[in-house]
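Participant: One structure follows; several queries about it will come next.
Bear in mind these aren't lab numbers, they're just calculated from the coordinates by the rules spelled out. Since we're looking at a predicted model, the values are computed, not measured. With ideal geometry, Cβ positions are generated from the backbone for all residues, glycine too; neighbour counts draw on all protein chains shown.
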Amino acid sequence: MKLQYKEQFKKIVIPGMKKEFKIDNDLGVPRITKVVVNVGVGRLMTTSKDNKELIKKISEIVGIITGQKPSTCPAKKSIASFKLREGMPIGLKTTLRGQRMEDFIFRFVNLALPRIRDFWGIPLKHIDEQGNLNYGVKEYSIFPETERIQNAPIFGLEITFVTNAKTKDQAIKLYQLLEFPLWQKNQ
């Protein structure tokens, strides 16, 4: 059986990181501080006739996936070539912390990623210099809790795991110890 996030962090991550990077204090060990889930709905808004219903349906699906209602991000200015008007909702975002974040990480790594077709792992180029991991999901249907949803538009998610790691190497080791499937070939 897979360990939950807290147990895995205490039993595996803290000793492993302290040994490899010579960290004295347990609180100095890098950790994931928050997870941000974004959905861009700008293209769907310009092609759809019933925008409010579309935003409501996508918001419900993101709420089911994350366990938290997303906030709407309006457009800051109008762009005629994109059929975009100021104040029009163009995105949804959710910031997860605490227990919801831990539950989401567990479901994402152990349930959602294995359901992606032809998945070889997360390339290391998705980790930036601050140690944040950015991963885009083409379809929300990889999450098992969305199987019963019908008549919904297909959209993708962008998931960002934010860490307090000081270097990219520390972040890579953190993700490896948390059993994120990182793909190291040809990097």
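Participant: Quick one: net charge around G98, please, counting Lys, Arg +1 and Asp, Glu -1 for every other residue with C-beta under 14 Å from its C-beta.
Facilitator: Taking every Cβ under 14 Å from that of G98, the sum is +3.
Participant: What 222 nm value per residue comes from the helices of the chain, counting each DSSP H run with n ≥ 4 as -39,500 (n - 2.57) and dividing by all residues, nearest 500 deg cm²/dmol?
Facilitator: -8000 deg cm²/dmol
Participant: What residues have an amide H closer than 5 Å to that of R85, excluding those fewer than 5 places away on the same chain, when H is modeled at 1.01 Å from N in the peptide plane?
Facilitator: Under 5 Å from the amide H of R85: I79.
Participant: What whole-number distance in Å separates the alpha-carbon centres of the stretch 6-47 and the stretch 169-184?
Facilitator: The stretch 6-47 and the stretch 169-184 have Cα centres separated by 10 Å.
Participant: Counting Lys +1, Arg +1, Asp -1, Glu -1, what net charge surrounds P30 among other residues with beta carbon under 12 Å of its beta carbon?
Facilitator: Counting the neighbours of P30, the net charge comes to +2.
Participant: W183's amide H: which non-local residues (gap 5+, or another chain) put their own amide H closer than 5 Å, with H modeled 1.01 Å from N in plane and none for Pro or chain starts?
Facilitator: Amide H neighbours of W183: I122, L124.
Participant: Right, something else. Taking the Cα centre of the chain as origin, work out the dipole magnitude from +1 charges on Lys and Arg Cβ and -1 charges on Asp and Glu Cβ, in debye rounded to 20.
Facilitator: Around 260 debye, computed over the chain.
Participant: Which residue fluctuates most in the GNM of the chain (Cα springs below 10 Å): Q99, Q150, Q130?
Facilitator: The residue with the greatest mean-square fluctuation here is Q150.
Participant: For the chain, go through all pairs of different Cα atoms, get the mean of 1/r, take its inverse, and jot down that Kirkwood value in Å.
Facilitator: Radius from the Kirkwood sum: 18.0 Å.
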